[in-house]
1. Can you tell me which residue among Gly298, Gly277, Gly307 is modelled with pLDDT of 95 or more and open to solvent by less than 40 Å² (accessible area, probe 1.4 Å)?
2. Given the condition of a type in the set (S, T, N, Q), within 16 Å of the ligand (Cβ to nearest atom) and touching a residue at least 12 places away in the same chain (Cβ under 8 Å), answer yes or no: does some residue in segment 289-303 qualify?
3. Among the listed residues Val222, Val167, identify the single one that is in contact (Cβ under 8 Å) with a residue 60 or more places away in the chain and open to solvent by 30 Å² or more (accessible area, probe 1.4 Å).
4. Among the listed residues Phe146, Phe171, Phe164, identify the single one that is among the hydrophobic types (A, V, I, L, M, F, W, C) and assigned to a loop (DSSP other than H, G, I, E, B).
5. Within segment 410-425, track down each residue that is of a type outside the set (Asp, Glu) and not in a loop (DSSP other than H, G, I, E, B).
6. Determine whether Leu344 is within 16 Å of the ligand (Cβ to nearest atom) and in a strand (DSSP E or B).
7. Among the candidates Phe374, Phe419, single out the residue that is within 27 Å of the chain's Cα centre (by Cα) and open to solvent by less than 60 Å² (accessible area, probe 1.4 Å).
8. How about segment 176-279: which strands (runs of 3 or more DSSP E) wholly inside it have at least 2 residues that are away from the ligand (no atom under 12 Å from the Cβ)?
Amino acid sequence: MSALGNHILVEFSGCTPKIMNEVSTIEQGMVDAAIKAGATVINSTFHHFSPYGVSGVVVIQESHLAIHTWPEYGYAAVDLFTCGDIDSWISFDYLKEVFQAKNYSAIELRRGSLSLLERLDFDLTTMREEAKVRTNPEFYTRNVWFTDKDDNQALSLRYTGEVFHDVQSPFQRVKILESYKYGKMLTLDDMVMTTEKDEFHYHEMISHPAMFVHGNAKNILVIGGGDGGTVRELLRHEGVEKVTMVEIDGEVIEACKKHLPQIAASFNDPRLELIVGDGIEFAANAAAESYDLILVDGSDPVGPAEGLFSVKFFNDCANALKPGGILLTQGESPKFNDRAFAELHHTIADIFGKQNTYVSLFFVPTYPTGMWSFQYGVKGDLNMKQLPNPEAVRAFTEKHNLRYYNEDIHAASFATPGFVRELLK
Ligand code: SPD
């Protein structure tokens, strides 16, 4: 039977789950599968969905190849739709190898039966030839999207498809990818942690407000912070005598040293003691009243960072703080994870007292919803909202060319919108 198109619906199962979750491998495989079959690629659009699954389509001059994957089932549903002389079975054979599919089946359909269609007066051949001239087969548009999401909302970043680092450590999947807008980015279990171009928002805000309000911090403990951005900012302060950083995952440190050296810039500072170990255990065993500041630069409350949100951990931190000391922790988002945000506030308030608890809000374009927080517990009379020496902040921000923090941002970041006040009640 003569037809316009040929449609092969493919079931690949028993595929390697890791590959089923790798958007760049899948995109490259699908593009190569099209080229091997003799198709002309026009563009590709692929999305990775955090934590699992990839969807995408390769548009070819002769129609399209599409896919959706379920890594947790080692399964991919693939559509190979072509017209003209393309042999899609070549694509099928190729993808079977790329996905390491143990089982596969396919249904082949002829689409657009010519015996049922009436041809209109339309010179398709000429149009196709003209389009071929316009399309440079060496250069097609790639749209590969990284998506950080929960069930109802997401943040997507288009990235080049380049994966510089991808290692499953004993704790989490550590990746360094390249986004078009924000440069290289570190993801842990497919959640964005930091990027080259907006890391300063987070790292300036985790360190300087506490440093300037305290005014005389000499001995500091950082828990987490494996990318190095937090210690880089702290060590700009000349009065700091010692920073102890305890990061559970050495793989994060190594990946960032290699691929994000401008963030991991201060690991060789002699004032830094770097410990690869469990921050929760470290806090539990820390000597009482030994630190001026404790900064918790952890990831979200799933996986290895879960314990960094527990009552026991914050009690241990409070115990390890000197009188007049400040505890600060990555506080999640009042929009993206309002529950974790509010629960954390109550945990800190129960330990430090409501009047000694503060929330600062700041903006990170690469975190879902963009609105993020740090939460503080102060052991003593300090008021986080009041800068003792705004002039010192002005001089410091100028000297170090800070791009987010300044004396106005300090005050503004402790202002809370009505809906946040509601959450904190
Ligand atoms: N959802 C993102 C929370 C990220 C917290 N840590 C970021 C590490 C930057 N040093």
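The values are calculated or read from the model by the stated rules, or taken from the named source; none is laboratory data. Just so it is clear, the structure is predicted and the values come from calculations on it, not from any experiment. Using ideal geometry, Cβ is built from the backbone for each residue, glycine included, and neighbour counts are taken over all protein chains shown. With ligands, DNA and RNA removed, areas are computed over all heavy atoms of the protein, side chains included. Shrake-Rupley method; radii C 1.70, N 1.55, O 1.52, S 1.80 Å.
1. Of Gly298, Gly277, Gly307, the one residue that is modelled with pLDDT of 95 or more and open to solvent by less than 40 Å² (accessible area, probe 1.4 Å) is Gly277.
2. Yes, segment 289-303 has at least one match.
3. Val167
4. It is Phe171.
5. His410, Ala411, Ala412, Ser413, Gly418, Phe419, Val420, Arg421, Leu423, Leu424
6. no
7. Phe374
8. On the way: elements: 183-188, 191-195, 219-224, 242-247, 272-276.
Counting at least 2 such residues, we get 183-188, 219-224, 242-247, 272-276.
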